[in-house]
Amino acid sequence: MDAAAVALVALVVFAWGLFANRLGRADLSSPIVFVAVGVVLAEVLHVVDVEITLESIKLLAEVTLVWVLFADASRVGLRELRADLGLYARLLGVGLPLTIAAGALLAAWVFDGTGFWLALLVGAALAPTDAALGASVMTNPAVPERVRRVLNVESGLNDGIATPVVMVAIAGAAAAEGVQSHGVSAALLDLAIGLAAGIGVGMAGGLGLRVARRRGWSSEDFTGPAVLALALVAYAGTLWLDGNGFVAAFVAGLAFGHFARRDGDVETHYVEQTAGLVSLLTWLVFGAVAVPIVVDRSDWRVAVYAVLSLTVVRMLPVALALIGTRLPLATVAFIGWFGPRGLASVIFAVIALEEMHGGAGQAVAIIGVTVLLSVLAHGLSAKPLADRYAATVADVPHTRPDRPPTPPLPVRGLPPHGAGRLTRPG
C-alpha cells in the first residue's frame, strides 16, 4: 500500500475508536464495518493493493487469532470452567464432530463431484466458531453469564480441535498418500502437545509475572508487550514441537490468567487492545482481497450452502449434544445460533490455497461466502436477539441442577475488538 492507503486505513481505525459504541447501537460490529471498508478501498477507490501474498494474509490472521484466544481465555476463571466441564465436553466432543460430518455431507450433496476430501475440508473449516462476531452477546450483562462463558470457551477450543481434520482433508485432496502422516493418533498427539505446552507456558508466565511484580523486577512500561510475546511463544513454540498451536494459545491464556491472578489484568487488557487493532486490519484485508474473489466464484449453490451451514448444520448438532442437560429450549437455540464463522475459517481457507495451489478454489469460495454471510447475519442479529433472549429467560436459572446458583460475575465494558471479556473472581 502507498502512503495514501495507509493514511486512509489509519483514519478509519481512528474513526472507529471515536464512534464504536454509537455504531454498535445500530448493530454494526467491527467485522461488518471493516469488511465493508476493505471492499470500498479496493473496489471503489482502488487505493489498496490487492496483490497481497497468501503468506502475509495467513500470518496476519494467525497472529490475530492467537492474541484473541489468549486474551479470551485469560478472563475465564478455572473454577467456572470446571463447573461446566460437562457442557464443554458435549459441545466439543459430540457437537463439533457432528457439525463437521453434517457440513461435509451437505457439501458432497450440494456440490456434486466435489469429492470426499474437499467436502471434508469445507465441513471442518466451517465448524469452528468465533465469539468476536457476537460482541453484543458476549458483553450483554442481561445474558446469563454461564451462557456467555460457554460460547467463549467453545469458540476458543473448537478451532484447535478442528485443525487436524482440516490438515487431513488438505493432505487427502492434494495427494492420497499424504494422509498416512496425519492419522488419528497423530491428531491426538498434536492436541496433547498443545495442551501440555499451553499449560507450561501460561503457568510459567503467570507465576513469573507475580514474582517479578512482587520483587520490583518488572517494568510497568514493558509488561504488556511481554505478555503479547508470551502468547506468541505458546503458539510458535508448540508449532516447533509439532503440536496444535491454537489450542496451546487458548490453554496458555487460561493458565496465565489463573496463576497471574490480578497481577495480569493490566497486561491482558493491553493484549486485548493490540488484538483489537490487528483484528480490524484482518477484516479489512478480508474485505479488500477475499470478498471480491469469492463473490465472483459464487453461485446459488454456494449461497444455499452458506445459509444451511449457519443454521441447520450448526444448530442441529448443538441441540443433539445438549440433550439431557435440562437447559431451556431457548438457551439451546441461542447457543446453536451464535456459532459465527470467523478468523479460524479464513486461516484454513488460506492454508488450503497455499497447499493445493488453486485446487481448492471452490472450497475456498464456499468458506469465504459463509464467513461473509456470518459477519452480516451474526453481527446484525447479536444485539436484538441477545436482548430478546435475556427477557425470555430472565427468571430461569442457568446453573447445574445439582448445584446451588452462583452469583453472576461482573462484566467489563465493550472491548476494542468486539469479543466478550469475563472477569475472574478475586
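Only the coordinates and a few stated rules stand behind these numbers; no lab work does. Since the model is a prediction, treat every value here as computed from it, not as a measurement. Because the Cβ atoms are built from the backbone with ideal geometry, glycine has one as well, and the counts that use them run over all protein chains shown.
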Of all the residues that make up the range 85-139, how many are under 19 Å from TRP337 (Cβ atoms) and of a type in the set (D, E, K, R)?
2
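Only one of LEU284, LEU189, LEU232 is surrounded by fewer than 16 Cβ atoms within 10 Å (Cβ to Cβ), of a type in the set (A, V, I, L, M) and under 25 Å from ASP159 (Cα atoms); which? I'd like the intermediate steps shown before the answer.
On the way: LEU284 fails: surrounded by fewer than 16 Cβ atoms within 10 Å (Cβ to Cβ); LEU232 fails: surrounded by fewer than 16 Cβ atoms within 10 Å (Cβ to Cβ).
It is LEU189.
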Taking the range 1-40 as the search range and keeping residues that are part of a helix (DSSP H, G or I) and of a type in the set (S, T, N, Q), which one is nearest to LEU372 (Cα to Cα)?
SER30
Residue by residue through the range 310-344, note down the ones that are hydroxyl-bearing (Ser, Thr, Tyr) and either touching a residue at least 60 places away in the same chain (Cβ under 8 Å) or not in a loop (DSSP other than H, G, I, E, B) (or both).
THR325, THR331
For THR311, are the conditions met, namely being among the hydroxyl-bearing types (Ser, Thr, Tyr) and exposed (fewer than 15 other Cβ atoms within 10 Å of the Cβ)?
yes
Against the conditions (1) under 15 Å from VAL371 (Cβ atoms); (2) part of a helix (DSSP H, G or I), where does THR274 fall short? Just the number, please.
(1)
Matching residues in the range 102-115 - criterion: being outside any loop (DSSP other than H, G, I, E, B), surrounded by fewer than 24 Cβ atoms within 10 Å (Cβ to Cβ) and in contact with a helix residue (DSSP H, G or I) (Cβ under 7 Å, 6 or more places away or on another chain):
ALA102, LEU106, ALA108, VAL110
Please find, among ALA42, ALA73, ALA15, ALA5, the residue that is more than 25 Å from PRO225 (Cβ to Cβ), in contact with a Gly (Cβ under 8 Å, 6 or more places away or on another chain), hydrophobic (A, V, I, L, M, F, W, C) and surrounded by 13 or more Cβ atoms within 10 Å (Cβ to Cβ).
ALA42
